[in-house]
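Report on one structure; see the data block that follows.
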Amino acid sequence: MKKRVSPMASLFFISALAAAFHSSSEAAASSQSPFEDNFSIMWSENHFKTSEDGNTWFLSLDKETGCGFQTKQRYRFGWFSMKLKLVGGDSAGVVTAYYMCSENGAGPERDELDFEFLGNRTGQPYLIQTNVYKNGVGGREMRHMLWFDPTEEFHSYSILWNDHQIVFFVDRVPIRVFKNNGEKNDFFPNEKPMYLFSSIWNADDWATRGGLEKTDWKKAPFVSSYKDFSVDGCQWEDPYPACVSTTTKKWWDQYQAWHLTDSQKMDFAWVQRNLVIYDYCKDTDRYPKLPVECSLSPWG
């Protein structure tokens, strides 16, 4: 595991970033609207609640079941963002997933982009896991620590997706860059439109310390909170939306969005030095021959 930096140093650093880091994506037009305008409940509607004003949404998990929702629309390329506040206290075994997927279920040919938040015992750090699937093949996990407690207040988690790169952001800080090589390949998902999903579920067979820490159901219900869904993307329309062939008219697929900006590279370098605790591209026991995409530089 990487040596942890001083929490106070991290706070000062990220505070400076937050003050200075307003990329073109911040100014881009996006849509924010109530839950029912964008989403449908996937299962266990009685485990879903909203605030009185309808602007904050809550998913709960108990021993009986969890809950999940998905967008009504599919998208191919764009900027997708949501603010989440994760389960507080003892959340070992609990996974909050926030992801994009080309299918409603875990189909064998699905494309998928994952944020997974792995619960913890009280006092231990939350881990965030990201993964990328193409045609049903994943195994491209990275795990990061966070520089804040994600249970205390809302933080934004975003995905930038175009034909050149996929970037996972936390509070506008890029934590992972997944590049395309510009050729037909079996690792970069760029053909299938995707829904956006979120769910909370029990995964105590693997989520916390490899399954050693089990869910304490006496602490249930476990509740994750959501607000400020924002999307600026190419909405799919069968058989083929016009915007897919003209995406360079959109900020998220113009030249400056094909690679990290100079300030984003600074942020990304800091994350790489201090917060990465697992990278499949460095796991030679698991992959004696590293996957092709591991040779692509995130800096280009």
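The values are calculated or read from the model by the stated rules, or taken from the named source; none is laboratory data. Quick caveat, the model's predicted, so the values are computed rather than measured. Note that each Cβ is placed from the backbone with ideal geometry, even for glycine, and that neighbours are counted across all protein chains shown. Each accessible area value is taken on the protein alone, full model and side chains, heavy atoms only, with ligands, DNA and RNA left out. Shrake-Rupley method; radii C 1.70, N 1.55, O 1.52, S 1.80 Å.
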Point to revise | Where labels lie 7 Å past Cα in the beta-carbon direction, separation of Asn104 and Asp238 in nm | key: 1.3 nm
Review point. Which of (1) 15.9; (2) 21.2; (3) 18.2 is the computed mean projected area of the Cα convex hull in nm² for the structure on display?
Key: (1)
Practice item. Would you mind putting 235-242, 138-145, 72-79 in packing order, based on average other-beta-carbon counts within 10 Å, highest first? Key: 72-79, 138-145, 235-242
Point to revise | Positive minus negative residues near Asp53 (Lys, Arg vs Asp, Glu; Cβ under 13 Å) | key: 0
Review point. What base-10 log of the normalised intensity I(q)/I(0) is obtained for the range 125-200 from the Debye formula, alpha carbons as equal point scatterers, at q = 0.20 Å⁻¹?
Key: -1.01
Review point. Where does the Debye-calculated log10 I(q)/I(0) of the range 149-300 sit at q = 0.10, 0.11, 0.12 Å⁻¹, using only Cα point scatterers of equal weight, no solvent?
Key: -0.50, -0.61, -0.72
Practice item. Using just the helices of the chain, give the 222 nm mean residue ellipticity in deg cm²/dmol: DSSP H runs with n ≥ 4 each add -39,500 (n - 2.57), and the total is spread over all residues, rounded to 500. Key: -3500 deg cm²/dmol
Check your understanding: Are there cysteines in the chain with no second cysteine's Cβ under 4.7 Å away, and if so, which?
Key -> Cys67, Cys101
Review point. Which residue, Gln264, Gln70, Gln124, tops the fluctuation ranking in a GNM of the chain built on C-alpha contacts under 10 Å?
Key: Gln124
Practice item. Name the residue, out of Leu196, Leu86, Leu290, whose mean-square fluctuation peaks in a Gaussian network model built on the chain with Cα pairs under 10 Å. Key: Leu290
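Are there chymotrypsin sites (Phe, Trp or Tyr not before Pro) in the range 158-233 that DSSP puts in a loop and that have at most 13 other Cβ atoms within 10 Å, and which ones?
On the way: sites: Trp161, Phe168, Phe169, Phe178, Phe187, Tyr195, Phe197, Trp201, Trp206, Trp217, Phe222, Tyr226, Phe229; in loops: Phe187, Trp206.
Hits after loop and neighbour filter: Trp206.
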Point to revise | 19 Å reach of a label modelled at Gln73, 7 Å along Cα-to-Cβ, counting backbone N of the range 220-243 | key: 227-243
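Where only protein heavy atoms count, and the probe is 1.4 Å, what is the accessible area per residue for the range 97-188 in Å²? Could you put the intermediate results ahead of the total?
Working: 2970 Å² over 92 residues.
Here the per-residue accessible area is 32 Å².
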Review point. Which percent of the accessible heavy-atom area of the chain goes to carbon and sulfur, probe 1.4 angstrom?
Key: 51 percent
